[in-house]
Structures are given as structure tokens and as C-alpha cells.
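The values are calculated or read from the model by the stated rules, or taken from the named source; none is laboratory data. Here the structure is a predicted model, which means the values were calculated and not measured. Glycine gets a Cβ as well: all are built from the backbone with ideal geometry, and neighbour counts include every protein chain shown. Each accessible area value is taken on the protein alone, full model and side chains, heavy atoms only, with ligands, DNA and RNA left out. Shrake-Rupley method; radii C 1.70, N 1.55, O 1.52, S 1.80 Å.
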Amino acid sequence: MFISVLLVCAALGCLAGFLAGLLGIGGGLVIVPALVYLLPSLGFSPEVVMPVAIATSLASIVFTSASGTFAHHKNNNIPWVVAKQLMVMMAIGVLFGAYIADSLSSELLTYIFAIAVSILASYMLFSVRIEKSKPLPSHWVIKSIGLGTGYISCLMGISGGAILVPVLTYFSLSLRQAIGTATVCGFVVALFGATGFIITGLDQTNLPSWSLGYIYLPALFGIISTSSLLAPFGVKMAGKLPVRYIKRIFSGFLILVVIKMIL
């Protein structure tokens, strides 16, 4: 069983890593639904399936985003002045989100994830491109965006890129800079979020062996074995492929996944 989980999650990591580098989304939008399907077959209690999926997703994003951040930094895709402001507030939002998530039912977390992803996917599907229309807002607005993004991202088990990329491109950043910023901020979200889920999951008695808090280590090892390798490749492809069309295809896939999760 352990080997089977590793192999399945290694394949999942390939897709998550590539999308993380290409779109700056961290891969959580793929990892969480996949784990929600996989974990019940491994004997996980329904009450912990969603928290474990979210926590394991965040833990894997730590490694994926670190690899993607290095690649984006080399390509000068990260405006650090903006990124640093977002990172601090996102860390605070994430820790608060992890605390709240521990008190919510798995069913409620599933619906929060499904609704939020539906909104994001619909936006990606119907927006051709966000033109640069406004200058960067004040420091307080940027910090508020970071705080809210961190909180929502932690409840969903994502890096926040699906939120940050459209917002930052609206505020005059190029698509590549927005993806680069979302990637480095995703590292912060994942690191603090995973830490929060480890702490809040330590007192849970219905978690299986090989769990670190809410993080399921076999799934984590499988995902990170390939995701970090594919992230730099996704970064390279981001400069060559028409990303807006890929976003449309990906958003269509997400909508189908969400419908299946709700049903």
C-alpha cells in the first residue's frame, strides 16, 4: 500500500509541479481534489479527509514553490518590493486560517474549497486577459490583499497564486511578474500553513500511521519526488506558451472536478 501511494502521488506531483511553474498556482488546486479521492480508499476517517488533503497539499507546495521561486528569481520575474509586503501579511493570514480550519468539519471545508475554486475557475475561463489598468495600490491595500489571500489559501490548501495572479496583473504587473510573485508568496503560505496543520493535528487520535499532524507523509514524499523537478520546466514553458489559453483549459478541468466533488 505504501509503495502504491508513492507511485500514484509521484504521478500527481508531475502535474502539480508543472502547473506550479507555468501558472504560479502551487499545484494545490490539483492535489487537494486528488487526495480527497485517494485517502478514503486508504481507510481514512471521513472527518479528517479534507484537513489531511489540505495539509499534505500545503506541505508539498513548500518544496514545489521553493524550486519555482529559484527559477523565477533567476529570470528576474519577482518584484521583491511588492513580494515582501505580501509575504509578511500572508503568513499571518495563513496561521489564522489553519486555526480556523481545525475547528471546521471536513464537509464544510469541502464546500468552501468547491465554491472558492468555482469562482476562481470561472474567472479564469471567461477572462481573456486582464489589461494593465491601475497603478499599484498603497502599502496598506497590498498588505490587506496579502492577509486575505493567506487566510483563504490556507482553508483551500493552495498557494494563493490563483488569487494573486489576476489581482497583480490588474494592478499593472506583467503576467510573468505576477506569476513570479505568486510563486514566492506561495512558499510562505505553504510553509506557515503546513506548520499550522502539524500543530493543530498533533492531538488528533483518528489519524493513521505515517502522519505528522494532519500531513500524510507517504503522499507527501510521492508528490515532492517529482513536483520540484517539473516546476522549473513549467517556468520555462511559461515564456513560450500562450498561458491565457492554458488557463482556460485548466479552469474547465477545475469546474468539472468541483462538480464531481459536490455530487
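Would you work out which of Thr226, Ser67, Asn206 lies farthest towards the positive end of the dipole of the chain? Charges go on Cβ: Lys and Arg +1, Asp and Glu -1.
Toward the positive end, the furthest listed residue is Ser67.
Pairing the Cα long axis of helix 139-156 with the longest principal axis of the chain, what angle in degrees results, from 0 to 90 and rounded to the nearest 10?
It is inclined by approximately 30 degrees.
Excluding ligands, DNA and RNA, what is the solvent-accessible area per residue of the stretch 157-210 at a probe of 1.4 Å, expressed in Å²?
Each residue of the stretch 157-210 exposes 36 Å² on average to a 1.4 Å probe.
Roughly how many debye, to the nearest 20, is the charge dipole of the chain about its Cα centre, given +1 on each Lys and Arg Cβ, -1 on each Asp and Glu Cβ, and no other charges?
It works out to roughly 1160 debye.
Among 66-75, 49-58, how do they line up by average Cβ neighbours within 10 Å per residue, starting with the highest?
For the peptides 66-75, 49-58, the packing ranking is 49-58, 66-75.
Report, in deg cm²/dmol and to the nearest 500, the calculated mean residue ellipticity at 222 nm for the chain, where each DSSP H run with n ≥ 4 adds -39500 (n - 2.57) and the sum is divided by the residue count.
That comes out to -27000 deg cm²/dmol.
Within the set Lys74/Lys236; Lys74/Lys134; Lys84/Lys143, which residue pairs have Cα atoms separated by over 19 Å?
Lys74/Lys134
Looking at Val88, Thr183, Ile3, which one has the Cα that reaches farthest to the positive end of the dipole of the chain (charges on Cβ: Lys, Arg +1; Asp, Glu -1)?
Result: Thr183, furthest along the dipole toward the positive end.
Take peptides 35-45, 92-102 and line them up by average Cβ neighbours within 10 Å, highest first, as a rough protection proxy.
Ranked by mean Cβ neighbours within 10 Å, highest first: 92-102, 35-45.
Place a +1 charge on the Cβ of each Lys and Arg in the stretch 103-204 and a -1 charge on the Cβ of each Asp and Glu, then give the dipole magnitude about the Cα centre in debye, rounded to the nearest 20.
480
Say R0 is 30 Å: what FRET efficiency, to the nearest 0.05, do Lys74 and Ser172 get from their beta-carbon distance?
In this case the efficiency is close to 0.80.
Would you mind telling me the share, in percent, of accessible area of the stretch 1-156 contributed by carbon and sulfur at probe 1.4 angstrom?
So the carbon and sulfur contribution to the accessible surface is 72 percent.
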